[in-house]
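Comments concern the structure below.
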Amino acid sequence: MNNMDRRHFIKVVAATSAAAAAGLYQTQARAAEFTLKFANNLPISHPMNIRAKEMAQKINEQSKGRIDFQVYPNNQLGSDSDMLSQIRAGAIDFFTLSPLILGTLVPAAQISGIGFAFKDYGQVWSAMDGELGAHVRGQIAKTSVFAFDKIWENGYRQITTSSRPINNPGDLKGLKIRVPTSPLWTSMFRAFDSAPTSINFAEVYSALQTHIVEAQENPLALLTTAKLYEVQKYVSMTNHMWDGFWFLANKQKFDKLPKDLQEIVKTNVNGAAMAQRDDVRKLNDGVTAELKAKGLVFNAPNNEQFRDKLRQAGFYAEWHKKFGDEAWSLLEKYTGKLA
């Protein structure tokens with residue numbers, strides 16, 4: 001090959017390589033017509049994120065690559081408060097949030113977290129998949145976001161402390177306890193004469209470690225996945241509140257999806273929620289032995305004492321008034337009379 005041929009060959013190869021690279025980039029860009037971001041506050045090992053990863057893969061495959069569904073776990077995109085602002089503005093597309101924290105935007109959402117209301121999962125799922133859940137979703141839909149039909153599971157919440165077990169309402173007096181940023185949580189623990197402090201979940205471990213607070217409350221699964229067992233000693237099985245995660249979507253962004261893609265997303269989000277519910281129940285049920293092995297001390301108080309204290313403190317009457325007769329009657333349809 002002479003010099004002229006060699007130069008020509010190099011030019012052709014260079015041009016072909018550039019074109020191929022450009023073509024590859026354009027093919028990838030074309031393959032994903034819609035990039036959808038889902039953010040949450042839970043560790044990557046939590047069942048929510050395990051199921052979310054499966055869900056994302058199914059959505060991407062069933063959309064034939066038209067959707068690139070991305071999952072951002074573990075507060076990667078900010079605290080709960082940050083991400084709630086982002087989804088309202090459309091900076092992220094999907095976000096899972098406790099109904100009680102969502103209550104800062106939609107007050108009615110908090111009703112599912114009324115203290116010591118749901119006695120078992122039969123009541124929980126009948127209510128949240130039934131009229132109470134539909135009522136809450138209707139209120140959420142009045143904002144710039146909406147909630148998918150099936151709420152995801154977090155579980156019954158338990159109180160953990162570094163200082164003492166909680167055996168009766170009197171043990172809560174003066175307790176410095178971390179609660180999420182929600183007026184209902186603060187109200188309930190104040191009714192017990194505790195000292196609740198609102199702290200975003202991303203900062204809970206450090207707050208316990210530095211003794212800003214001595215206690216927190218969460219489902220057992222989070223004690224493991226967030227390693228809270230390293231900074232707590234006692235676990236009191238109060239079952240004081242059931243908690244879940246509404247899977248929220250930005251309305252304007254979701255409406256831009258063609259109808260067939262909307263259905264793919266809806267089907268897979270709701271399907272993943274049902275699988276995740278079972279995962280979390282099994283994890284919460286099975287984690288006790290693991291946590292005991294890590295040195296945590298368990299006790300099981302009588303919940304009726306706590307319910308009586310809330311009645312005496314006027315907690316139920318106060319929140320009945322705030323939620324109104326319609327919502328409260330829907331709650332008591334499933335829980336029985338609370339006040």
>> Please determine whether any residue of the range 302-314 is buried (at least 18 other Cβ atoms within 10 Å of the Cβ), part of a helix (DSSP H, G or I) and charged (D, E, K, R).
In response: yes
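To keep it simple, each residue is scored yes or no on (1) basic (Lys, Arg); (2) free of Cβ contacts under 8 Å to residues at least 12 places away in the same chain; (3) within 22 Å of Asp82 (Cα to Cα).
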site	(1), (2), (3)
Pro107	no, no, yes
Ser112	no, no, no
Tyr121	no, no, no
Val124	no, no, no
Asp129	no, no, no
Gly133	no, no, no
Thr143	no, no, yes
Phe146	no, no, yes
Lys150	yes, no, no
> Which residue out of Leu84, Leu36 is of a type outside the set (Val, Ile, Thr), modelled with pLDDT of 95 or more and under 16 Å from the mean Cα position of the chain (by Cα)?
Replying inline: Leu84
> Hey, Ile114 hits all of (1) in contact with a Leu (Cβ under 6 Å, 6 or more places away or on another chain); (2) at pLDDT 95 or above but one; which does it fall short on?
Replying inline: (1)
> Looking at Gln139, Gln123, which is the one that is at pLDDT 95 or above, within 17 Å of His320 (Cβ to Cβ), more than 18 Å from the chain's Cα centre (by Cα) and not small (Gly, Ala, Ser)?
Replying inline: Gln139
> Regarding Leu331, is this residue more than 22 Å from the chain's Cα centre (by Cα), modelled with pLDDT of 95 or more and among the aliphatic types (A, V, I, L, M)?
Replying inline: no
> What do you reckon, is Glu318 modelled with pLDDT under 95 and part of a helix (DSSP H, G or I)?
Replying inline: no
> Given (1) surrounded by 15 or more Cβ atoms within 10 Å (Cβ to Cβ); (2) at pLDDT 95 or above, where does Gly295 come up short, assuming only one miss?
Replying inline: (1)
>> Pairs please, first residue from the range 171-187 and without any contact (Cβ under 8 Å) to a residue 24 or more places away in the chain and of a type in the set (S, T, N, Q), second anywhere and surrounded by fewer than 18 Cβ atoms within 10 Å (Cβ to Cβ) and not in a loop (DSSP other than H, G, I, E, B), Cβ atoms under 7 Å, 6+ apart in sequence or on different chains.
In response: Thr186/Ser198
> For Gln262, are the conditions met, namely being within 22 Å of Ala56 (Cα to Cα), of a type in the set (S, T, N, Q) and touching an Asp or Glu at 6+ places or on another chain (Cβ under 7 Å)?
Replying inline: no
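The values are calculated or read from the model by the stated rules, or taken from the named source; none is laboratory data. Since the structure is predicted, the reported quantities are computational estimates derived from the model, not experimental observations. For neighbour counting, all protein chains shown are included, and Cβ atoms are generated from backbone atoms with ideal geometry for every residue, glycine included.
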